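The values are calculated or read from the model by the stated rules, or taken from the named source; none is laboratory data. In this text the structure is predicted, and so the values were computed from the model without any measurement. With ideal geometry, Cβ positions are generated from the backbone for all residues, glycine too; neighbour counts draw on all protein chains shown.
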Amino acid sequence: MNIEDTLIMIPGPVPVVPRILRAMAKPVINHRGEEFADLFGECRALFADMFQTKNDILLLSGSGTSGMEAAVGNLINRDETVVTPVNGKFGERFRDIGRLYGNAVPIESEWGYPIDLDRVAAALEEGADAVAMVHNETSVGMLNPAKEVGKLARKHDALFIMDGITSIGGSEVLVDEWGVDIAILGSQKCIGAPPGFAAVSVSKRAFEKMEDVHTFPYYLDLKAHKKSADKGQTPYTPSIPLFYAVQEALRIAHEEGLPARMQRHAAGAAAVRAAAGAMGIEMFPEPDELSGYSDTVTAMKVPPGIAFDQMKKEMLAHKILIAGGQAHLKGNIFRIGSMGNFGPKDILITIQMLESVLHRHGVVSDFGAGIEAAGSVLAA
C-alpha cells in the first residue's frame, strides 16, 4: 500500500499539506543569522495571536511532551506540590512528570468522566504551588474546564499550567483571559505541521517563580530559551526545516482566520458525532455542564458485532487510518480525528467507509444514515 495515499484520521500526527511540505525543502540557513531571526520572530507573533496572549512565546525543537516537561521542570522544586487532574492518558503524563520534579497530587477521575473541581479546589487550599491540566484529553475525546481551573488557581495563588497541545488552533483557548501561566502547543496537531516542535507561552508570573527554582532541565531551560528568543534565536541548534514548516502552517491558519478555523474543527467533530448517533454508536466520554466533547477528536465505543482490530484493518485496506483506545481502553473505543488541515471531504469519506465496514458485518442495518447525518452538519 502506498502510504502517500492514506488518509490519516487520527488525533495526530495529522496529514501535512503540500504547501507545508514544500516549505521544508528550503535551503538550510544559519540559525544565528538575520534570516532565521525573521523566521523566528514571525512564528512567535503568529503563535501569540493563536494563543490569544501577550505573554512570551518560546519555541522548542521537541514534541508536545517536551513542552509539558519544560513547564513543570522550570516551575516546581523537589519540595513543592503540583496538582494534576487526571481523566485520561495525558493527565497521567502530567502526573508522572510532576512526580519526577516535585510532589504530584493527582485528582483522578475515571477516564472519560469530568474532573472533580471540588477536589482540585481542596488540594489547592492545602497550599499547592501549581496545577497542571490537560485541556483537550484526546485519549477520551473530551474538553476539560480550563477556564474554571484557571479561576481556582488564581484564587489560591497557584501557577496554572495547561496542555493545549490538541486544542490551541482548533478550539477556543484564551490564555490571558483564563490566567494560564504556561500553555503548550504541539506542531503535529491543530496547526497541521509535522511532529517534533512545541510552542509554549510563558507569563511574567511564571518567569518570576523560576527565580526561586533550584534545578532546571538543561535542554528545556525556559530562562535560557527566553534569553535567546530576545535575540531571535534558540539556545541550541533548532530543527530549521521544522521551523519552515511551522511558519507555513501558521500562515495558512492566519489566512483562514482563527474564528473560521475553530468553526471548521467544531463542525468536523459535530459531523462525526452526528454520524455516530445515526449509526447507533455510543459516544465514550460523559461530559458535564462545564466540560464537553472534544472539537478535534471523537471517541466512541466499539459497537457489538465487530472487533476494533478488524474495523481498523478493513478501513486501512481502503487507505483510511483511524485510532483505537489507549491503555485499558484498547479494544473498547475507537477515535476519529478532525484536526489540522482537514476538509469536509475527509470527514465524509471516513464516515462513508466506516459505515460500509459496519454494514458489511451486520452492525449497521440502515446503510446511508451515517453519511447523511454527517453531511447535514457539514452543509449547515
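Annotations
- Test: Glu126 is under 30 Å from Val297 (Cα atoms) and charged (D, E, K, R): no
- Flag if Val213 is in contact with a strand residue (DSSP E or B) (Cβ under 8 Å, 6 or more places away or on another chain) and surrounded by 15 or more Cβ atoms within 10 Å (Cβ to Cβ): no
- Asp79 vs. criteria assigned to a loop (DSSP other than H, G, I, E, B) and not hydroxyl-bearing (Ser, Thr, Tyr): yes
- Criterion violated by Thr298 - all others in (1) touching a His at 6+ places or on another chain (Cβ under 8 Å); (2) surrounded by 21 or more Cβ atoms within 10 Å (Cβ to Cβ) satisfied: (1)
- From the list Arg251, Arg264, the lone residue that is surrounded by 15 or more Cβ atoms within 10 Å (Cβ to Cβ) and farther than 17 Å from Phe51 by Cβ is Arg264.
- Val200, sole failed condition from (1) in a loop (DSSP other than H, G, I, E, B); (2) over 22 Å from Tyr113 (Cα atoms); (3) in contact with a Gly (Cβ under 9 Å, 6 or more places away or on another chain): (1)
- Close pairs (8 angstrom Cβ cut-off, 6 or more residues apart or separate chains): more than 20 Å from Asp176 (Cβ to Cβ) and free of Cβ contacts under 8 Å to residues at least 40 places away in the same chain in the stretch 53-76, surrounded by 21 or more Cβ atoms within 10 Å (Cβ to Cβ) and of a type in the set (Phe, Trp, Tyr) anywhere: none
- Condition met for Thr84 (farther than 27 Å from Asp346 by Cα, touching a Ser or Thr at 6+ places or on another chain (Cβ under 7 Å) and either outside the structural domain of Asn341 (by TED's automatic domain parsing) or not in a helix (DSSP H, G or I) (or both)): no
- Neighbours by Cβ (under 8 Å, 6+ apart or cross-chain): first from the stretch 22-44, assigned by TED's automatic domain parsing to the domain that holds Val200 and over 20 Å from His225 (Cα atoms); second among the aliphatic types (A, V, I, L, M) and assigned to a helix (DSSP H, G or I): Ala23/Ala245; Met24/Leu242; Met24/Ala245; Val28/Ile240
- The number of residues in the stretch 267-289 being of a type in the set (D, E, K, R) and closer than 14 Å to Leu378 by Cβ comes to 1.
- Among the residues making up the stretch 202-254, those that are over 18 Å from Phe40 (Cα atoms) and either assigned by TED's automatic domain parsing to the domain that holds His265 or hydroxyl-bearing (Ser, Thr, Tyr) (or both) are Ser203, Thr215, Tyr218, Tyr219.
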